[in-house]
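Below: the structure, in structure tokens.
We did not get these values from a lab; they are worked out from the coordinates using the rules stated. Note that the structure is a prediction, hence the values are computed from the model and not measured. As a convention, Cβ positions derive from the backbone with ideal geometry for all residues, glycine included, and neighbour counts pool all protein chains shown.
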Amino acid sequence: MKKKLGCLHAHYSNIEYIENALSSYEMELVHFVDPALMYRVTSDETFKTEDAQMKVKEQIEWIAQCHVDAILITCTNYIAILQEEQLSISVPIIKIDEPYFEYICHRQQPQTILFTNPATVNGTMERLNQYADHRKKSLDIEVTVINNTFELIMQGQKQEYNQEISNYLKKLIEEDKAISVAQLSMVVASKEVEVLTSTSIINPLDTLISYIVRELKLEKKSAVM
């Protein structure tokens, strides 16, 4: 029986990454997008934390009513806001960053984590540190934001956005550091640089897909003859 995954995104651009990555598996993806929540969290001083938590709770419970086998949250800020103990559902919740955190926590050498969106840094790093502390892991991480870049993807300038990331990654690789990118929007550029330089760059999409396939016991689509 084909599995159904409900996906909650803060931006429409994330749909393409998830669709492409899972296109070879027998499953149905149902997407829910709400960019307004993060806009209010970051720009509306009257919008309280409790209001944001209630909104995310409503969204998750609404998705659960769509008869999905699991719910994927692709926004780290959504994940940081979510209070799971307040939910009245039994549907498993998959958080995009946890498989990524697991991989990072098992690396012993110093690491550099790259972002393009400054607004996601605090939420992501707070969750990473909590994740590591809970598992008694010690991390040696440098966080870097590629400034004045995220605006490009928000304006639909994907090629220019990917080029900026590629240029930065190539310079960073010369410093011989362990590197990962923290956002889905950075995956395409990181994979291109991997091929060009034969350098491993960790990204949250690859670790996520491996986790989803394993947890939902997904099967590959049959080859069309």
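Only Lys, Arg, Asp and Glu count, each charged at its Cβ (+1, +1, -1, -1), so figure out the dipole size of the stretch 98-203 about its Cα centre, rounded to 20 debye. Mind dumping the intermediate values first?
Details: 10 positive and 14 negative charges, 49 e Å.
Result for the stretch 98-203 is approximately 240 debye, rounded to the nearest 20.
So I have (i) 17.7, 58; (ii) 17.3, 52; (iii) 21.9, 70, and one of them is Rg and Dmax of the Cα atoms in Å calculated from this model. Which one is it?
The calculated read-out lines up with (i).
Can you sort CYS75, CYS66, CYS7 so the residue with the fewest Cβ neighbours within 10 Å comes first?
By the 10 Å Cβ count, ascending: CYS66, CYS7, CYS75.
Show that you can apply the helix-only estimate: for the chain, add -39,500 (n - 2.57) for every DSSP H stretch of four or more residues, divide by all residues, and state [θ] at 222 nm to the nearest 500.
-14500 deg cm²/dmol
Excluding same-chain residues fewer than 8 positions from LYS158, which lysines have a Cα within less than 23 Å of its Cα?
Hits, sequence-local ones excluded: LYS170, LYS171, LYS191.
Can you tell me, using C-alpha contacts under 8 Å and at least 6 residues apart, the relative contact order of the chain as a whole percent?
21 percent.
Sequence neighbours fewer than 8 away in the same chain don't count; with that in mind, list the lysines whose C-alpha is under 17 Å from LYS48.
Result set, ordered by chain and number: LYS57.
Apply 1/(1 + (r/R0)^6) to the Cβ-Cβ distance of ASN129 and LYS2, taking R0 = 35 Å, and write down the FRET efficiency to the nearest 0.05.
The calculated FRET efficiency here is 0.40.
Run the simple label-point estimate for ILE141 and GLU19 please: 7 Å along Cα→C-beta, distance reported in nm.
Rounded to a tenth, the inter-label distance reads 3.1 nm.
Using a Gaussian network for the chain with springs between C-alpha atoms less than 10 Å apart, which of these wobbles most: HIS106, HIS31, HIS11?
Judging by the Gaussian network model, the answer is HIS106.
Lys/Arg Cβ at +1, Asp/Glu Cβ at -1, dipole of the chain taken about the Cα centre: which of LEU128, VAL68, LEU139 is farthest positive-ward?
Among LEU128, VAL68, LEU139, the one farthest towards the positive end of the dipole of the chain is VAL68.
Spelling out what I want: for every residue of the stretch 193-202, take phi, set θ = phi - 60°, compute 6.51 cos²θ - 1.76 cosθ + 1.60 (Karplus), and round to whole Hz; glycine and proline get x.
5, 4, 5, 5, 10, 6, 10, 7, 10, 6
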